[in-house]
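The structure under discussion appears below in the form of structure tokens.
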Amino acid sequence: MMKKNVWFIFLVVLAGLQTADAIDIPFGNGGKVLYDMNTGTFDILSREGVWLKRGFSTAKNGEAFLNTKQYTQREYTKGSFEDGYGVGAKHTITSSQRGLPDFKQIFYAYAGKDYIVVEVEIYDKTRKLITNGFVPIEGTLVTDHTDQLQSLFAPFDNDTFISYDRKSLKDTDELYSAEVGVLYHEQNRLGHIIGSIDQQIWKTGVRTVKNQDQSITVQALVGFTAKDINRDDMPHGSLEGNSIHSAKVMVGQFSDWRTGMDTYAAHIQALQRRVVHEWKEHTPVAWNSWGAMQQDINYDRLLKVTDFFAHDVQQLASGQSIYIDLDSYWDNMLKGGLEGDYSQLKKFADYVKSKGLKPGAYWAPFVDWGFGGGANRRVEGTSYTYGDIWTKVKNGYHDLDGTRALDPTHPGTQQRLALVIGKLKECGFDMIKIDFLGHAAIESTKFADPTVKTGMQAYHRGMEYLVEQLDDQMLIYAAISPNIATAPYVHMRRIACDAFSSIKDTRYTLNALTFGWWQTHLYDYMDADHIVFKNASESENTARFLSAVITGSVVLGDDFSQPGIWHKTTQQLFENQDIWPVIADGKSFVPVETDQYASRVFVKHTETDAYIALFNYDEQELHLTLSNEKLGFDKNARYKMINLTDNSIHYLSPEKPIRLDAKHAKLFKVQKN
């Protein structure tokens, strides 16, 4: 059974006693929250009627559980607000009762937005409070055909080959999701979204429960930890003070849940404080050594790879430089370890630049791979031991992926990080791939910085320090990392875990795009991991390459220091100048199907062009039927489809299905005929 530190499941619900009028809180185009001042509950309505009923809020104070239904006095105030996303009306319900902290529910109604944002606060001016959890909103969903509802599981990160998932509520009674939850109908795409729009302090989960009477309860759980979701094996950290706020939670109903997720991501992006420098260059195209070379990095082999991209492939029409990025084991080229001689590494970087390319490196700043060597090893660049800087958790230390978490707030962690980043800057690297960042977001029994109380606070502290050390000198690429909270610190992020050459790798990567495409609004670029052709079939190679194109950027991964068919395959791709403009804006395609593990149909609309990508993950050929309406095209128009890999012409028509060979993919540019 899944282990979770979810205190709010066991709350005792008390009856409200105060009699008062209902408060009408309007939002968007005919939406409103109808708050019952007598019971401390509320309904959320659209023009069509109630879609969430008997909503209320909960907070924990020490070992006591508070909820808005147990208070006897309530007061309503209205004001205005303005933030990075917009302006609107701020509605506050303050519940009070002798002997209890004040309990505030704050409803933010943005002008012109068809959803509401909810935040709660507990307050006591005479004594300090302590909490590690809130439920800003819990209520019963009102929707037709609940047996047809899909509930989305969104991961917290992209570690351990985790996948997105969707479960029919006909088949499951309970589902948790990290940061955001969606309940949607595949047939008409109507969906309900509940998600945190800030991750500065809290981890948030969304719980969906099918009750015995077939009703659906939804909860936003601020202060959520679960070992198999956000990796924590202990309760969330606690905050103390006279006033403590929850994370803000967006709650909305959307006619197309995909549009709702685009809106959700845009809202988060507008509120996040961007730390990384603005990216003004082309969409990155790179080679990364982990795809095939892996631990066999050496200077001579890397020069051969550099020469291949410098001399043997056609230059991209944009004229941009390709990054030659070293992954783990680049320290094979050091003498004397991290504090030693970097001269061969610098020689490599200089050679790459002499060929008109850009050198990249790799670092995992918040983990200790050598923890098996004991706690008394000295941390490079410091007088601390590794035992000093390991993150302390309830059961000792946090070990995952064969490595141990380092406290991102510890001076020793930061000094070690500064040492390595400083050396890489001195060598002249233009790119860095940073990895295993989720280890920096783990809850701890005690961080080195006493002002840091939660894993997310520690994560932001560590990431800000990292970006400060990089000093605007590199393209920053995140590999394993939290899905949402990483966005302020990097230009580019891998959308899933490691992927290589097979159609299974393509399908796994496109599962993350099918349900996580909306992150394209958070990052300059998303990436499908290194594209490895190796000895896979031509069809699988095409599918794997196109999985990168529709995600938004291209990183190649074959070992071009060795002979093989992958040389010719890559050369042919660079010769096809029709495909590369698809990634010019760096933005992802959107799924058309969301009723299976990975969509087979994706679409992209730009200001000037439209594209359709089709994938067959099966062992036999497939015929796909396409319709204008499902793809978001004018249903009365006729469209020509140009296959960008062979220039063949098709016409978009439900009477003319598109044939795909086994393990194959096609990419079409679409023109109105």
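If you check L626 against the conditions, is it closer than 17 Å to I550 by Cβ and out of contact with any helix residue (DSSP H, G or I) (no Cβ under 6 Å at 6 or more places or on another chain)?
When the stated conditions are applied, L626 passes them.
Does A265 fit the bill of being touching a His at 6+ places or on another chain (Cβ under 8 Å) and part of a helix (DSSP H, G or I)?
Taking the combined requirement at face value, the residue satisfies it.
Please go through segment 526-545 and pick out each residue that is closer than 21 Å to D159 by Cβ, among the aliphatic types (A, V, I, L, M) and out of contact with any Phe, Trp or Tyr (no Cβ under 6 Å at 6 or more places or on another chain).
Those that are closer than 21 Å to D159 by Cβ, among the aliphatic types (A, V, I, L, M) and out of contact with any Phe, Trp or Tyr (no Cβ under 6 Å at 6 or more places or on another chain): M526, A528.
Test L546 against the criterion of being under 24 Å from V670 (Cα atoms), out of contact with any helix residue (DSSP H, G or I) (no Cβ under 7 Å at 6 or more places or on another chain) and not polar (S, T, N, Q), and give yes or no. Even if it seems obvious, please write down each step before you answer.
Working: under 24 Å from V670 (Cα atoms): yes; out of contact with any helix residue (DSSP H, G or I) (no Cβ under 7 Å at 6 or more places or on another chain): yes; not polar (S, T, N, Q): yes.
When the stated conditions are applied, L546 passes them.
So Y597 fits all but one of (1) aromatic (F, W, Y); (2) in contact with a helix residue (DSSP H, G or I) (Cβ under 7 Å, 6 or more places away or on another chain); (3) loosely packed, with under 14 Cβ neighbours inside 10 Å; what number is the exception?
Of everything listed in (1) aromatic (F, W, Y); (2) in contact with a helix residue (DSSP H, G or I) (Cβ under 7 Å, 6 or more places away or on another chain); (3) loosely packed, with under 14 Cβ neighbours inside 10 Å, Y597 misses just condition (3).
Taking Y459, is it within 25 Å of K423 (Cα to Cα), free of Cβ contacts under 8 Å to residues at least 60 places away in the same chain, surrounded by fewer than 24 Cβ atoms within 10 Å (Cβ to Cβ) and touching a helix residue (DSSP H, G or I) at 6+ places or on another chain (Cβ under 6 Å)?
Answer is no for this residue.
Between a residue in segment 149-163 that is assigned to a loop (DSSP other than H, G, I, E, B) and any residue that is among the charged types (D, E, K, R), which pairs come within a Cβ distance under 7 Å, given they are 6 or more apart or on different chains?
Short answer, once both residue conditions are applied: A154/E179; F156/E179; N158/R494; D159/D401.
Quick one: is S246 under 30 Å from G396 (Cα atoms), at pLDDT 95 or above, of a type in the set (S, T, N, Q) and more than 23 Å from the chain's Cα centre (by Cα)?
Details: under 30 Å from G396 (Cα atoms): yes; at pLDDT 95 or above: yes; of a type in the set (S, T, N, Q): yes; more than 23 Å from the chain's Cα centre (by Cα): no.
The answer is no for S246.
Wholly within segment 488-588, which strands (runs of 3 or more DSSP E) include no fewer than the required count, namely at least 2 residues that are of a type outside the set (F, W, Y) and either under 13 Å from the mean Cα position of the chain (by Cα) or under 30 Å from Q457 (Cα atoms) (or both)?
492-494, 525-527
Looking only at segment 497-518, decide whether some residue is buried (at least 23 other Cβ atoms within 10 Å of the Cβ), touching a strand residue (DSSP E or B) at 6+ places or on another chain (Cβ under 8 Å) and over 29 Å from H664 (Cβ atoms).
no
Each row is one residue, and each column tells you yes or no for (1) assigned by TED's automatic domain parsing to the domain that holds S168; (2) touching a Gly at 6+ places or on another chain (Cβ under 7 Å).
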| residue | (1), (2) |
| --- | --- |
| T225 | yes, no |
| R231 | yes, yes |
| P235 | yes, no |
| T263 | yes, no |
| G291 | no, yes |
| H311 | no, no |
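The values are calculated or read from the model by the stated rules, or taken from the named source; none is laboratory data. Computed from a predicted structure; not experimentally measured. Here the Cβ is made from the backbone with ideal geometry for all residues, glycine too, and neighbour counts use every protein chain on show.
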